[in-house]
Amino acid sequence: MVTPSRGVTVFFSSHLLYEIEPVADHVAILDNGVIVKTGRTEELRDSVRRFIFTPASEADVERIPGVLDVIRSSNSVSVTVEDCADEKRHRIKALSANSLTTEAALNLDEIFEAYVIGNRGRAPAM
């Protein structure tokens, strides 16, 4: 029988985030040796979301708070945001020229990419 440990911290570092996701209670995302985000794994997965929609105006996308990544295509935009609460969801839905196409939960790999590689705020048009 396995007894749960108490008061023990184990640091596990890997670039293979699919290994970390099922075992880590807390994660820290580092970019060039600097912690850019830390939190409970479940809370990160619950709070970071990707929305894909056709914006009513390109300027509106720039005003979404907490933008981590923006990818534009010919007729839609994919926006990844942090701290996604109901208020932010309503604001993003209001920016859509038509109905919101997708709201997606992300895995830890996608969250890492959004924080470290993402186009924060303004992104070049595609």
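Laboratory data are not the source of any read-out in this text; all were calculated from the coordinates shown. Keep in mind that what you see is a predicted model, and the values were worked out from it rather than measured. Methodologically, a virtual Cβ is constructed for each residue, glycine included, from the backbone with ideal geometry; neighbour enumeration extends over all protein chains shown.
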| note | Toy charge model, Lys and Arg Cβ at +1, Asp and Glu Cβ at -1: the chain dipole around Cα centroid in debye, rounded to 20, equals 260 debye
| message | If each DSSP helix of 4+ residues adds -39,500 (n - 2.57) and the sum is divided by the residues in the chain, what number results at 222 nm, nearest 500 deg cm²/dmol? | response | -7000 deg cm²/dmol
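Between VAL34 and VAL10, what FRET efficiency comes out of the Förster formula 1/(1 + (r/R0)^6) with R0 = 22 Å and r the beta carbon distance, rounded to 0.05? Write out the running numbers ahead of the final one.
Details: r = 22 Å, r/R0 = 1.01.
Efficiency computed from Cβ-Cβ geometry: 0.50.
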| task | Could you pull out every residue, at least 5 positions away or on a different chain, whose amide H is within less than 5 Å of the one on LYS37? Hs are placed 1.01 Å off N in the peptide plane, and Pro or chain starts have none. | result | ILE29
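To one decimal place, what orientation-averaged projected area in nm² is obtained for the convex hull of the Cα set of the range 52-98? Mind dumping the intermediate values first?
Numbers: hull surface 11.5 nm².
That works out to 2.9 nm².
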| note | Taking 0.36 nm per residue of separation between ASN107 and ALA85 and subtracting their Cα-Cα distance, the length gained on full extension comes to 6.1 nm
| said: Among SER96, GLY33, PHE51, whose Cα projects farthest towards the positive end of the dipole of the range 17-116, with charges put on the beta-carbon of Lys, Arg (+1) and Asp, Glu (-1)? | reply: SER96
| said: Please list, short to long, the whole-number percent of alpha-carbon pairs of the range 17-116 in consecutive 5 angstrom bins beginning at zero. | reply: 2, 13, 25, 22, 16, 11, 8, 3, 0
| task | Quick one: what are the phi-derived ³J(HN,Hα) couplings along the range 42-51, Karplus 6.51/-1.76/1.60 with θ = phi - 60°, whole Hz, x for glycine and proline? | result | 4, 5, 4, 5, 6, 9, 9, 9, 10, 10
